[in-house]
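My questions will all concern the structure given below.
The values are calculated or read from the model by the stated rules, or taken from the named source; none is laboratory data. This structure is a prediction, so every number in the text was calculated from the model and none was measured. When we count neighbours, we look across all protein chains shown, and the Cβ atoms used for this are built from the backbone with ideal geometry, even at glycine.
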Amino acid sequence: MYQILVADAINAEGLEPLLGLEEAEIIEKKTDDPEVRLEDIDALLVRSATKVTEALLNQMPRLKIIARAGVGVDNIDVPAATKKGIIVINAPDGNTISTAEHTFAMMASLMRNIPQAHSSVKNLEWKRNAFIGTELYGKRLGIVGMGRIGSEIAKRAKVFGMNVNVFDPFLTKERAAKLGVESSTLDELLGGADIITVHTPLTPETKGIINEEALKKTKKGIYLLNCARGGIIDEQDLAKYVANGHVGGVALDVFEAEPPGEHPLLKYDNVIVTPHLGASTKEAQLNVATQVAKEVRSFFEGKPVSSSINLPAISNDVYEKIQPFYQISKQIGHILSQCVKEGVHELSVTYSGSVTDLETTYLTKAMLSGFFKNRIDVNVNEVNALLTAKERGITVGEKISTDAFGYDNCIAVTAKGEESAFTVRGTFIDHYGPRIVYLNGFNIDFLPEGNLLYIQHMDRPGVIGHVGQILGDQGINIATMQVGRKKAGGEAIMVLAFDKPLSEAELTSLEKLDEIVSINPIIL
Ligand SMILES: NC(=O)C1=CN([C@@H]2O[C@H](COP(=O)(O)OP(=O)(O)OC[C@H]3O[C@@H](n4cnc5c(N)ncnc54)[C@H](O)[C@@H]3O)[C@@H](O)[C@H]2O)C=CC1
Ligand SMILES: O=C(O)C(=O)COP(=O)(O)O
């Protein structure tokens, strides 16, 4: 008998597909309910409230699948689940419309003081002059994060006659044009917007993306919305800018800690809030519950699941053979995603040598998982890699070549954007390990691991010495250094490895050297 624990409020009608599952018991209780025998649970269904920590997973030795009835999996320790062989699935698009609509409702409420006016009338007041609002029409809306929800917001904003600027480093020009929005840098968006709304996942890159430094660049009277995840707008910095009168108004559906308790922002009249209601509609809840229930049922019936974010879809045998190439493919993708500074619309992989005997599509998917790492909330793996690329408008190509550039095997990946193309080649050498052997036109040879710095420079006497000197003066130890050039005195590159990542100031110190063309940290 499978025991399925539904730990958060998940739509009962949506769970009906599970009722057709023979030998299954559905238990609707919190994970800390004393009546729940965690050690017997096979499937765990949650929303955002239950924190699926490693400690919780340690108490659930039979757990095989975690289903998130919603998008964000930041409440689930996915690496810990993966390590334990637990499949994690979510419902990526079931609540997109509801969240976009809620954001829009918040924006309209904020600009027209609806919550404040509502309370006032309920208190038997009639203060028409106290609630003069601002039109949305003609205003510039800045959208940070142009994925499923951001795109739906943009569509609605345009119908309201708003101008839309978006910042999403992973948005291609083609997709921006298709959506009819203007792509801009974060600084341009900050400086030009009347209203800013964030729709990224919470990642190390997006945490505090709107902080004091960013708020300083916004227009006085700026309106800010966060209906994505608490922390994308830094709450302490925001409170400071509301207190000093710079911010015109704030709408929050999410908080760094939920519920927020006695929060400094709650005392301001121009801060309106909802208790994480973005996905709380009948439709969205039915959608997400049905999606995950169908998936859990498929899983227990031994059928493939389609919205898994961590399922290795290969047998152990094949997995072992493929493992070394799997890792280098992933690293190549991750290097490309950090080196290409514009939206990518094409990723083409060429396999040559002994690797062509293997199932290369797994490797292409591994490369994509490395490419998408840290860009989207969902852990992209071999199960969802191609779908994710397709959703993002990225064409993925695979070719076999006879030229392995003198190596036993070679995996070459070219990423193409509007303005540039960047190629990385890697190989796996038995008893030696993975090596990157070509980077953006230069032959080189380095281990794709740790904190790297890729420097493009002119091949002049003393450059390497100067770099060493500048870093040495700051007490920074260079662990390894590899160099490559096309011809004497021309363009050259170096790849350095460090024990820890360099700070912004340390990177800037190197930029002062005349011979240096560009500096790019790569963290693997
Ligand atoms: N309030 C609520 O109830 C809900 C909140 N959410 C939150 O909204 C988030 C977005 O959801 P979707 O649009 O479905 O996800 P998505 O994955 O389709 O879109 C996220 C977008 O953010 C972009 N992005 C990633 N890093 C970025 C960066 N550093 N700067 C700018 N853009 C960046 C990605 O390229 C992507 O286009 C979810 O991760 C979730 O946390 C989602 C549903 C309901
Ligand atoms: O889907 C998401 O990411 C959400 O934030 C919705 O959260 P909820 O399921 O309403 O707790």
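Across region 80-105, what is the total count of residues that are in contact (Cβ under 8 Å) with a residue 24 or more places away in the chain and either more than 30 Å from Asp194 (Cβ to Cβ) or in contact with a Ser or Thr (Cβ under 7 Å, 6 or more places away or on another chain) (or both)?
14
Just need a number here: residues in region 153-181 that are surrounded by 18 or more Cβ atoms within 10 Å (Cβ to Cβ) and acidic (Asp, Glu).
Result for region 153-181: 1.
Could you tell me which residue of region 381-430 is farthest from ligand 2 (Cβ to nearest atom), considering only residues that are closer than 23 Å to Lys341 by Cβ and of a type in the set (Ser, Thr, Tyr)?
Across region 381-430, the extreme among qualifying residues is Thr423.
Could you pull out every one of the strands (runs of 3 or more DSSP E) wholly within region 179-252 that has 2 or more residues that are more than 16 Å from ligand 1 (Cβ to nearest atom) and under 20 Å from Val166 (Cβ atoms)?
Fully inside region 179-252 and qualifying: 222-226.
Residue check, Val483 against (1) in contact with a Phe, Trp or Tyr (Cβ under 8 Å, 6 or more places away or on another chain); (2) in a strand (DSSP E or B), all met but one. Which one?
Of the numbered conditions (1) in contact with a Phe, Trp or Tyr (Cβ under 8 Å, 6 or more places away or on another chain); (2) in a strand (DSSP E or B), the odd one out for Val483 is (1).
Sort out which residues of region 122-145 are more than 16 Å from ligand 1 (Cβ to nearest atom) and either among the β-branched types (Val, Ile, Thr) or touching a Pro at 6+ places or on another chain (Cβ under 7 Å) (or both), and write them in order of number.
Ile132, Thr134
Before we move on, is Ile89 hydrophobic (A, V, I, L, M, F, W, C), more than 16 Å from ligand 2 (Cβ to nearest atom) and in contact with a strand residue (DSSP E or B) (Cβ under 6 Å, 6 or more places away or on another chain)?
No.
Moving on. Do you know which of the residues in region 27-64 that are modelled with pLDDT under 95 and under 27 Å from Glu13 (Cβ atoms) is surrounded by the fewest Cβ atoms within 10 Å (Cβ to Cβ)?
The residue in question is Lys64.
In the set Ala492, Ala505, Ala479, which member is crowded, with 18+ Cβ neighbours inside 10 Å and hydrophobic (A, V, I, L, M, F, W, C)?
Ala492
Residues to consider are Glu283, Glu295, Glu320; find the one that is modelled with pLDDT of 85 or more and surrounded by fewer than 22 Cβ atoms within 10 Å (Cβ to Cβ).
Glu283
Restricting to region 131-145, and then to whatever is in contact with a helix residue (DSSP H, G or I) (Cβ under 7 Å, 6 or more places away or on another chain) and not in a strand (DSSP E or B), can you tell me which residue is nearest to ligand 2 (Cβ to nearest atom)?
Leu136
State whether the residues of region 267-275 include one that is surrounded by 16 or more Cβ atoms within 10 Å (Cβ to Cβ), within 13 Å of ligand 2 (Cβ to nearest atom) and either closer than 16 Å to Gln236 by Cα or at pLDDT below 95 (or both).
No, that holds for no residue.
Looking at this structure, is Thr218 surrounded by 19 or more Cβ atoms within 10 Å (Cβ to Cβ) and under 30 Å from Ala385 (Cβ atoms)?
Here the answer is no, as Thr218 does not meet what is asked.
Looking only at region 14-43, filter to residues that are in contact (Cβ under 8 Å) with a residue 40 or more places away in the chain and within 31 Å of the chain's Cα centre (by Cα); which one of those is farthest from ligand 1 (Cβ to nearest atom)?
Asp42
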